[in-house]
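**Q** Take a look at the following structure, please.
Derivation of every value follows stated rules applied to the coordinates shown; laboratory data play no part. Treat the numbers as computed from the prediction; the structure is a model and nothing was measured. Cβ placement follows ideal geometry from the backbone for every residue including glycine, while neighbour counts extend to all protein chains displayed.
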Amino acid sequence: THPIFFGLVWLLLFIGAALAIIYFHEDVSMQQVHQRLYYMITGEFNAQPLLFQIPYSLGLGLGMVLFFNHVFQKRINEEPSPLEVEMFQYQQSLDQYVIVNENKDNMKQLADD
């Protein structure tokens, strides 16, 4: 595989995931939620409640690492990651597709003979 191609695909996926998270947070008005929580707890309005935003951002990243079950090359537990499960299911579907289509081709050849 080409490292440049791998890097471009990785960059595209990273940017896409980041945009999905950003758009989700904009849809649910996460900044307003943090502002309201800050006001409910402290009684003061703060336009940038960093007390909530910083831990939330760190927790979001940590949660993704735990969800995907990888810290670089080390596994947290023995369960497969969601990506590994999806790749396994894709491979099974691909194998099944090949088997079905080869059988169709073989049946067609037998019918032609």
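**Q** Would you please give the FRET efficiency between residue 47 and residue 14, computed as 1/(1 + (r/R0)^6) with r the Cβ-Cβ distance and R0 = 25 Å, to the nearest 0.05?
**A** Working from the Cβ atoms, E equals 0.30.
**Q** Grab the DSSP H runs of the chain that are 4 residues or longer, score each as -39,500 (n - 2.57), total them, divide by all residues and round the 222 nm result to the nearest 500 deg cm²/dmol.
**A** That calculation yields -27000 deg cm²/dmol at 222 nm.
**Q** Along Cα→Cβ, 7 Å out, is where each label goes; now give me the distance between the ones at residue 91 and residue 78 in nm to one decimal.
**A** 1.9 nm
**Q** So what is the relative contact order for the chain, in percent, with contacts set as C-alpha pairs under 8 Å and at least six apart?
**A** 10 percent
**Q** What is the packing order of peptides 7-19, 32-44, taking the mean over residues of other C-beta atoms within 10 Å and listing the highest first?
**A** Ranking the peptides 7-19, 32-44 by packing returns 32-44, 7-19.
**Q** Using 0.36 nm times the number of residues separating residue 2 and residue 36, minus their current alpha carbon distance, what extension gain do you get?
**A** 7.4 nm
**Q** For the chain, what class follows from the C-alpha gyration tensor (a ≥ b ≥ c being the square roots of its eigenvalues): rounded when a/c is under 1.5, otherwise prolate if a/b is larger than b/c, else oblate?
**A** Prolate is the answer for the chain, as a/c is 1.5 or above and a/b outweighs b/c.
**Q** Sticking with this structure for a sec: Suppose each label sits 7 Å from its Cα in the direction of the beta carbon; what would the residue 103-residue 24 distance come out to in nanometres?
**A** For residue 103 paired with residue 24, the spin-label model returns 3.9 nm.
**Q** Helix 3-27: angle to the longest alpha-carbon principal axis of the chain, degrees 0 to 90, nearest 10?
**A** So the helix axis and the longest Cα principal axis differ by about 50 degrees.
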